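Input: a single structure, listed below in structure tokens.
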Amino acid sequence: MNKPLISVCIPTYNGEKYLRECFDSVLAQTFSDFEVLVVDDRSSDETINIAKEYAGQDHRIRVVQNESNLGLVGNWNRCIDLAQGEWIKFVFQDDLIQPTCLEKLISVSKPKSALICCRRNFLFEDGRTEPQKSIWTVDNLFPGLTEISANDYCKTVLYKMRYDFGVEPIKNFIGEPTVVMLRRSVFERLGIFNSYLVQFCDFELWMRIGVHLGITYVPETLATFRVHRESTTAANRSALYRLYRSRILDWLILLHDFAFDPVYAPLRKVAANHNPSINLADLFTKRAYDAWRPTLNDPKFLQEWQKVTSLDLNFPDFTKRSYPKLATDYFIFRLKRKLKSIGKKLFKRQVEFLQRA
């Protein structure tokens, strides 16, 4: 039996509420050379029964249930391990894809393509309203481009990092896994999803691929991402300590890898040649200090910090060393940014005054 060109992977866990809609959107594809791989992470609801029901109706569907619960990222990686296609297309249990999604993504693939992505819609449930639109999109960062080189990818990311000085996490401008299709061989070369991360695990993999191989972009809305209270993102924002772990410490792990992990050598090379040069190790240390300070007043934050710093990473130990110069330098940096902002406002007022004169 020939292997399918595309493996549509649906990692599931207690997803009975939206799973039928997800299946229906996948099986409505105009492109037919694909398998549907459902990997269930020990659901306690009707998820596995719904999946088996659909498998009995369509021979392209394979259903696997893990022997034990692997967690979110572990289940994603299990999908990669079991997929048979040359390309892997994730579709989450609560998301949808347009009928032409697979057809249009595969049509732009080239021999060197590794990651192909598209635009997405948002579907808001539970009375949730649409937030302010982000400027962090492929359209805005790479206007008019559909083939984005690794070098351009690095330059754009570093520009935003330098501007924000690593204080705010870079937004996932590519999007969630439902908008992405990946060549299977890229995992053999660059690895799978990083299990250290709880929120930015998808964005980090896109980064890893982008700095080496670039990305291909289809400027069409071919996927729908559902926003609801049961989602992982919503859970990570449900309490301050979880927000601290998912937003602050995840971003810190990313900065650590940018600065020290061999896989991000291309990013560091572009950073060194940037004018002015960008010292990612220094950026990481300053951001680490800023992330550590809240742990002095909150035991839950301290517990999360200790979990992350116990990982096999090159984190500084602020509890045993004095960092007066670091603190001073960081204060000066913040002050300069504030003065620069004030200067811009004064300049704008002067311009407005002259225009009125």
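Here, each number is a calculation from the coordinates, and none is a lab measurement. Quick caveat: nothing in here was measured; it's all calculated off a predicted structure. Positions of Cβ are generated from backbone atoms using ideal geometry, with glycine treated the same way; all protein chains shown enter the neighbour counts.
For this structure, a couple of remarks:
- Here segment 28-90 and segment 176-231 have alpha carbon centers that stand 18 Å from each other.
- Per-pair calculated FRET efficiency, R0 = 45 Å: Asp317 and Leu82 via Cβ, rounded to 0.05: 0.65
- Sorted by Cβ neighbour density within 10 Å, fewest at the top, the residues Trp136, Trp292: Trp136, Trp292
- Relative contact order, percent, segment 6-236 [alpha-carbon distance under 8 Å, six or more residues apart]: 28
- As a proxy for reagent exposure, Val64, Val227 were ordered by neighbouring Cβ count within 10 angstrom, fewest first; the result is Val64, Val227.
- Pro4 sits among other residues whose Cβ lies under 12 Å from its own Cβ, and their net charge, with Lys and Arg +1 and Asp and Glu -1, is +2.
- Order of Lys307, Lys286 - criterion: other Cβ atoms within 10 Å of each residue's Cβ, fewest first: Lys307, Lys286
- Separation of the alpha carbons by more than 31 angstrom is noted, of Lys112/Lys269; Lys171/Lys307; Lys17/Lys110; Lys112/Lys286; Lys3/Lys52, for Lys17/Lys110; Lys112/Lys286.
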